[in-house]
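Participant: Take this structure first; my questions come after.
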Amino acid sequence: MPSPNDRPGRPARLLLVQLGRFAVVGGLGFVLDTAVFDLLRLTVLSPERLQDGPLLAKVASTTVAIAANWLGNRSWTFAGSRRARAGGEAVEFLLASLIGMAVGLLCLWISHYGLRLTTTLDDTISANGIGLVLGSAVRFWLYRVWVYRPDRAARSEVATAE
């Protein structure tokens, strides 16, 4: 007898729900990332004070957003696929997030240093517009196929029960 999870359209619906939740968590992370980036970029890490200030500001702001996003994605977006033990999952989440951050940093580097578009608005658009969108696509894919892969959660539950 088929289970309720085998209904037609279930995988597509699950994907849409996850995408929606990922977008909400990511939206909150975006606000946090952008606010921290702009605050640092306009104060202690301005290019006038430090040549690599914009890149350092982006690393710091993304790190803060990664921590917030891990909590949101673990507890809500991928709650049904998370593992009982958070340690390995947190490391994988961090690695996937760092790959996504590298995409954003590359966009910022190309814009700021390669194209010499150096205003605060230019940096914000390249890092938090273009870079964040491309990096988010990479992160979502890595979270789904690697960090929160459903079969890992099932194996984790079996191992915990034994």
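Participant: I'd like to know which of CYS107, LEU28, LEU142 lies farthest towards the positive end of the charge dipole of the chain, counting +1 on Cβ of Lys and Arg and -1 on Cβ of Asp and Glu.
Facilitator: Result: LEU142, furthest along the dipole toward the positive end.
Participant: Report, in debye and to the nearest 20, how large the dipole of the range 38-114 comes out about its Cα centre when Lys and Arg carry +1 and Asp and Glu carry -1 on their Cβ.
Facilitator: Dipole magnitude for the range 38-114 comes out near 280 debye.
Participant: If you don't mind, another one. DSSP loop (so not H, G, I, E, B), at most 15 other Cβ within 10 Å: list which trypsin sites (Lys or Arg not before Pro) in the range 27-80 pass both filters.
Facilitator: Listed in order of number, the matching sites are ARG49.
Participant: What list of ³J(HN,Hα) values in whole Hz, one per residue of the range 55-67 in order, does the Karplus curve 6.51 cos²θ - 1.76 cosθ + 1.60 (θ = phi - 60°) give from phi, with Gly and Pro shown as x?
Facilitator: Once rounded to whole Hz, the list reads 5, 5, 4, 5, 4, 5, 5, 5, 4, 4, 5, 4, 4.
Participant: Let me have the relative contact order for the range 1-101, percent, based on Cα pairs under 8 Å that are six or more residues apart.
Facilitator: Rounded, it is 27 percent for the range 1-101.
Participant: Restricting to Cα atoms and excluding each atom paired with itself, what does the Kirkwood estimate give for the range 14-161 in Å?
Facilitator: 15.9
Participant: Next up: Each residue of the range 131-148 in turn: what ³J(HN,Hα) in whole Hz from Karplus with 6.51, -1.76, 1.60 and θ = phi - 60°, glycine and Pro shown as x?
Facilitator: x, 5, 5, 5, x, 5, 4, 5, 4, 4, 4, 5, 4, 5, 8, 10, 5, 10
Participant: Placing unit charges on C-beta atoms (Lys and Arg positive, Asp and Glu negative, everything else neutral), compute the dipole magnitude of the range 14-161 about its Cα centre in debye, rounded to 20.
Facilitator: The calculated dipole for the range 14-161 is roughly 520 debye.
Participant: Say the dipole of the range 21-109 comes from +1 at the beta carbon of Lys and Arg and -1 at that of Asp and Glu; which of PRO47, LEU98, PHE37 then lies farthest toward its positive end?
Facilitator: Value: LEU98.
Quick note: the coordinates plus some simple rules give every number you see, no bench work behind them. Keep in mind it's a predicted model, so treat the numbers as computed, not measured. Cβ coordinates were reconstructed from backbone atoms using ideal geometry, including for glycine residues, and neighbour counts include every protein chain displayed.
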